[in-house]
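The values are calculated or read from the model by the stated rules, or taken from the named source; none is laboratory data. The structure presented is a predicted model; accordingly, all values stated were derived computationally and were not measured. FYI the Cβ positions are ideal-geometry reconstructions off the backbone, even for glycines, and counts take in every protein chain you see.
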Amino acid sequence: MSCRESGLTVVACSKNVIVFKDEVLSTDLSVSFNPSCIALSKGIVAVGGQDSKVHIFSLSGTKLSEEKTLPHTSPITGVAFSPNGEYLVATDSGRKVVPYSVKDGYKTVAEKEWTFHTAKVNCVAWSPDSRHLATGGLDTNIIVWDLQRSGEHPVIIRVFMKFLK
């Protein structure tokens, strides 16, 4: 898994997070967990782990420093920063979707728990306006979430298996 920003590429692999600058290896950081996903925004790297945590690293030049961990109850399946960099969302195999405010120290911003998937959440993507995000799950549903209406029921798009064949 990798992400790229401003000439830097950050790669998460088994027990390591690696930074390349202009395609040259600059940092190879050993970590105590198995990474499962990665996201990068404005000098912040979020790495989801099989240890049921999101590990937040600061990136100064090519140096990584772990700053914080965000605990979940199940292994992390996806992390993504909003296009404006103000939010981070993490998904997990326990069906949860958790949006965090980056500027508020990763405080959760949803009024209620976002667990409308009936199986593991597989993927997440933001809308360009940083207000909506969509998640896809093993349950074959696509759910569209609205940060400004986080206490309301999301839009659920049910995908039937016959259309996926």
Restricting to segment 64-119, name every residue that is assigned to a strand (DSSP E or B), touching a Gly at 6+ places or on another chain (Cβ under 6 Å) and not aliphatic (A, V, I, L, M).
Thr91
Just for segment 1-41: of the residues that are of a type outside the set (A, V, I, L, M), outside any strand (DSSP E or B) and at pLDDT 95 or above, which one is surrounded by the most Cβ atoms within 10 Å (Cβ to Cβ)?
Phe33
Go through segment 96-136 residue by residue and tally those that are surrounded by fewer than 17 Cβ atoms within 10 Å (Cβ to Cβ) and at positive phi.
2
Considering segment 96-127, residues that are more than 13 Å from Ile142 (Cα to Cα) and among the basic types (Lys, Arg), and then whichever is nearest to the chain's Cα centre (by Cα), we arrive at Lys96
Exclusive hit being of a type outside the set (D, E, K, R) and in contact with a strand residue (DSSP E or B) (Cβ under 6 Å, 6 or more places away or on another chain), set Ser52, Ser74, Ser60:
Ser74
Considering only residues of segment 45-95 that are surrounded by fewer than 19 Cβ atoms within 10 Å (Cβ to Cβ) and closer than 21 Å to Gln148 by Cα, which is farthest from the chain's Cα centre (by Cα)?
Asn84
